[in-house]
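Notes for the one structure printed next.
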Amino acid sequence: MAWPYLDRVRKLADGGALSIWGVSQDDPAVTGEFLRRLGVELPTLYDRRPWPASETLGITSVPTFLLVGEDDTIRDVSEGFQRRKMEEFASLAAQFAGRSDPRLFGPHEGVPAIKPG
């Protein structure tokens, strides 16, 4: 559920000083097909058992999404789907890219406040 919205945040960040990455613990081919089916172009790090990247990044649940600055510093993390957190990401991404409208959700999308992974 969260991937398409995180991809919208990525599009808001285009041209700015923030990068948006997803971390997948699934096989790259499976994840790639999933992203293609959704029409998502989100850059993705593939982590495999025993999940060394997830451990290094402090990821304890999936899905987890990272907001990364151009200096490769992790600015924020979202675990599961959190509407408020996604809106914060959108606002920050828009700010860093010089965009004035960080609107992430349409008025009739029926997006829940929280959806655990």
Residues that are touching a Ser or Thr at 6+ places or on another chain (Cβ under 9 Å) and closer than 13 Å to LEU92 by Cβ, drawn from the stretch 13-22: ALA13
Residue in the stretch 84-98 that is closer than 17 Å to VAL9 by Cα, out of contact with any Pro (no Cβ under 9 Å at 6 or more places or on another chain), loosely packed, with under 13 Cβ neighbours inside 10 Å and among the charged types (D, E, K, R) present: yes
Enumeration of residues in the stretch 100-113 that are modelled with pLDDT under 90 and either touching a helix residue (DSSP H, G or I) at 6+ places or on another chain (Cβ under 8 Å) or β-branched (Val, Ile, Thr) (or both): SER100, ASP101, PRO102, ARG103
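Quick check on my filter: what residues within the stretch 70-115 are of a type in the set (S, T, N, Q) and touching a Lys or Arg at 6+ places or on another chain (Cβ under 6 Å)?
Restricting attention to the stretch 70-115, the residues satisfying the condition of being of a type in the set (S, T, N, Q) are 73, 78, 82, 91, 95, 100.
Within the stretch 70-115, SER78 is the sole residue that qualifies.
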Scope the stretch 77-116; condition of a type in the set (A, V, I, L, M, F, W, C) and in contact with a Ser or Thr (Cβ under 9 Å, 6 or more places away or on another chain); matching residues: VAL77, MET86, PHE89, ALA94, LEU104
Pairs with Cβ under 6 Å, 6+ apart, first in the stretch 1-20 and in a loop (DSSP other than H, G, I, E, B), second surrounded by fewer than 22 Cβ atoms within 10 Å (Cβ to Cβ) and acidic (Asp, Glu): ALA17/GLU70
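With respect to LEU45, determine if the residue is of a type in the set (A, V, I, L, M) and either farther than 27 Å from PHE96 by Cβ or in contact with a Ser or Thr (Cβ under 9 Å, 6 or more places away or on another chain) (or both).
Details: of a type in the set (A, V, I, L, M): yes; either farther than 27 Å from PHE96 by Cβ or in contact with a Ser or Thr (Cβ under 9 Å, 6 or more places away or on another chain) (or both): yes.
It is true that LEU45 is of a type in the set (A, V, I, L, M) and either farther than 27 Å from PHE96 by Cβ or in contact with a Ser or Thr (Cβ under 9 Å, 6 or more places away or on another chain) (or both).
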Residue in the stretch 44-51 that is in contact with a Pro (Cβ under 9 Å, 6 or more places away or on another chain), crowded, with 17+ Cβ neighbours inside 10 Å and closer than 22 Å to ASP72 by Cβ present: yes
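The values are calculated or read from the model by the stated rules, or taken from the named source; none is laboratory data. Please read these numbers as outputs of a predicted model, since none were measured by experiment. Quick reminder, even Gly has a Cβ in these numbers, built from the backbone with ideal geometry, and neighbours come from all protein chains shown.
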